[in-house]
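What follows is a short report on a single structure.
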Amino acid sequence: MLPMSLIPMMYIQNRWSGPLILIAITCGFYAATLEEYYCGRLDLPLFNGVSDGCVIVYAIGLISGFTGFSYWNTKLFYQVTVAETFVIAFSLASAITIISK
C-alpha cells in the first residue's frame, strides 16, 4: 500500500516511472522477506529500501504538501525531473537490497 501512495504524491501517474517505482519497492521488500523466512535472519545493508524507504515516503508526502505537485515536475539535468530522480534512487536502493542477499 505504501508504494502505491507515492504515485499520486509525486504526480507520476502517466509516466514510465510509476510502474518502475512499484516494481522496485515491492521486489526489494519481498527479497528481504524471503531471506528472513528461509534463512531465519534479516541482514540489510546500511541504506536499504525496507526500513529507510518508509521514512523517505513520509518525507515525500511532506514535500508534496508544502510545495505542491509542480515541484516534482521541475527539470534538473538532461530533462530529467525531480520525481524521476527519486524513482531512480528508489530503484537503486532496492537493487542494493536485492543484490546484498
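The values are calculated or read from the model by the stated rules, or taken from the named source; none is laboratory data. Everything numeric in this text was worked out from a predicted model, so none of it was measured. Please note: Cβ atoms are built from the backbone with ideal geometry, for glycine as well, and neighbour counts cover all protein chains shown.
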Across (1) surrounded by 15 or more Cβ atoms within 10 Å (Cβ to Cβ); (2) outside any helix (DSSP H, G or I), residue 90 clears everything bar (2)
When (1) touching a helix residue (DSSP H, G or I) at 6+ places or on another chain (Cβ under 9 Å); (2) touching a residue at least 24 places away in the same chain (Cβ under 8 Å); (3) closer than 19 Å to residue 96 by Cβ are applied to residue 35, the one that fails is (1)
Residue pairs within 6 Å by beta carbon, gap of at least six or interchain, first lying in the range 64-93 and within 13 Å of residue 21 (Cβ to Cβ), second hydroxyl-bearing (Ser, Thr, Tyr), listed first then second, are 72/11; 84/17; 87/17
Over the range 61-87, the set of residues in contact with a helix residue (DSSP H, G or I) (Cβ under 6 Å, 6 or more places away or on another chain), assigned to a helix (DSSP H, G or I) and of a type in the set (S, T, N, Q) is 64
Hey, residue 76 at negative phi, surrounded by fewer than 14 Cβ atoms within 10 Å (Cβ to Cβ), in contact with an Asp or Glu (Cβ under 7 Å, 6 or more places away or on another chain) and among the aliphatic types (A, V, I, L, M) or not: no
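Output the residues belonging to the range 27-53 that are modelled with pLDDT of 80 or more, surrounded by 15 or more Cβ atoms within 10 Å (Cβ to Cβ) and not charged (D, E, K, R).
Result: 27, 31.
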